[in-house]
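Everything on this sheet refers to the single structure shown next.
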Amino acid sequence: MVAEQEGLFRYTKKRRGYLRPVLFLLVIASGAGMWFFNYIYPSLACRIIVFSLVSMIFSVIFINTLFKSDEISEAPIKLLATAHTLQFGVMGARAALAYWQGGYVNSYLHLGGMQAVLVLALSACHISRAVGYFWLIVHRLGLEIQKQAVTDELTGLYNRRAFGEYLEQLTAEGTGGFGIAMIDVDKFKSINDQHGHLAGDRYLIQISNLFRTQLGVHSRIFRYGGDEFIAIIPNVTKAELLQMLERVRCAAADLKIPWEEKTVQSTLSIGISLAAADGNSLDQLLAAADKALYVVKEQGGNQIAIL
């Protein structure tokens with residue numbers, strides 16, 4: 001049960017340190033109780049009650065962990081929560097029945113109506129939990145594969161494939177009122193030449209983190225290729241877009257990354273286009289942003305242009 005809870009922590013991404021010692025204390029208490037009622041004061045009924053009560057406590061912990069998960073709406077989580085809720089009820093009934101009927105509750109040779117129901121219900125709990133955990137693992141693997149397919153491995157930003165899919169989504173929705181920024185790192189090749197490709201990778205990681213911080217959670221940021229990035233900022237006016245990207249440009253110019261007793265530093269060139277609700281097509285907007293970026297590069301970089 002401890003291993004089961006550890007696995008649940010992993011797949012629900014909820015690690016609460018205080019629960020681990022609690023779980024082990026429960027195992028120790030359960031073992032001590034079983035030993036006492038097996039050797040000191042032999043009682044099958046008491047052993048059943050101890051095991052059932054400990055199982056109920058474990059079920060409460062499992063259910064609490066599941067409902068603390070950010071993905072409680074996922075079907076595998078719901079199945080596991082249902083299975084552990086059922087197990088809590090079954091173990092409670094089993095403990096009560098052991099108290100009233102003694103060891104016969106655990107005997108397959110003396111199955112009455114209630115005992116048969118408990119055996120079947122407990123079997124259903126075990127099967128549901130097994131199916132639920134297998135389903136959860138497969139579900140999470142599928143989500144991870146989907147995430148890797150649209151995520152840039154180095155920076156953690158969306159990749160070029162995700163950009164194409166997002167454009168298709170915007171086209172289908174007919175969304176208007178957003179800004180497109182094409183961003184290029186100035187003289188990035190010189191960083192690789194002077195400091196090495198690892199330094200270049202470090203710079204790309206740091207500048208990507210800067211984009212996340214400055215552009216906010218509602219913006220979509222893509223690594224388009226090499227040192228080129230595209231940001232799509234929704235529900236923004238021209239003034240807001242220019243102000244936001246000017247903050248990005250200034251922050252990037254101030255970004256200094258220590259590297260082998262030296263400093264890696266560069267600037268950004270940014271080309272912008274703005275879509276209105278009844279504006280140009282996405283292809284035209286991308287072409288306009290690309291043209292604006294070209295103008296900035298021709299002027300030496302570290303600027304913003306909008307067309």
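Listed residues Ala130, Ala172, Ala124; which is surrounded by fewer than 17 Cβ atoms within 10 Å (Cβ to Cβ), at pLDDT below 80, farther than 20 Å from Cys46 by Cβ and not polar (S, T, N, Q)?
Ala172
Can we say Ala252 is at pLDDT 90 or above, touching a Leu at 6+ places or on another chain (Cβ under 6 Å) and within 16 Å of Leu285 (Cβ to Cβ)?
Against the criterion (at pLDDT 90 or above, touching a Leu at 6+ places or on another chain (Cβ under 6 Å) and within 16 Å of Leu285 (Cβ to Cβ)), Ala252 does not qualify.
For the range 239-253, check the following and say yes or no: at least one residue is part of a helix (DSSP H, G or I), more than 23 Å from Tyr166 (Cβ to Cβ) and among the basic types (Lys, Arg).
yes
Looking at Leu167, Leu157, Leu198, which is the one that is exposed (fewer than 12 other Cβ atoms within 10 Å of the Cβ) and more than 30 Å from Phe62 (Cα to Cα)?
Being exposed (fewer than 12 other Cβ atoms within 10 Å of the Cβ) and more than 30 Å from Phe62 (Cα to Cα) holds for just one of Leu167, Leu157, Leu198, which is Leu198.
Taking the residues in the range 19-53 that are part of a helix (DSSP H, G or I) and of a type in the set (S, T, N, Q) as candidates, determine which candidate is surrounded by the most Cβ atoms within 10 Å (Cβ to Cβ).
Ser52
Filter the range 62-80 down to the residues that are among the aliphatic types (A, V, I, L, M) and surrounded by 19 or more Cβ atoms within 10 Å (Cβ to Cβ), then identify the one that is modelled with the highest pLDDT.
Once the filter is applied, the top-ranked residue is Leu80.
Hey, does the range 205-219 have a residue that's more than 24 Å from Asn159 (Cβ to Cβ), out of contact with any Cys (no Cβ under 9 Å at 6 or more places or on another chain), of a type outside the set (Asp, Glu) and buried (at least 21 other Cβ atoms within 10 Å of the Cβ)?
no
Kindly indicate the residue of the range 259-307 that is part of a helix (DSSP H, G or I) and surrounded by fewer than 14 Cβ atoms within 10 Å (Cβ to Cβ) and also modelled with the highest pLDDT among those meeting that condition.
Going through the qualifying residues, I end up with Glu298.
Could you check, for the range 223-233, whether at least one of its residues is farther than 21 Å from Tyr158 by Cβ and either touching a residue at least 24 places away in the same chain (Cβ under 8 Å) or among the polar types (S, T, N, Q) (or both)?
no
The values are calculated or read from the model by the stated rules, or taken from the named source; none is laboratory data. Just so it is clear, the model here is predicted, and its values are computed rather than measured. Glycine gets a Cβ as well: all are built from the backbone with ideal geometry, and neighbour counts include every protein chain shown.
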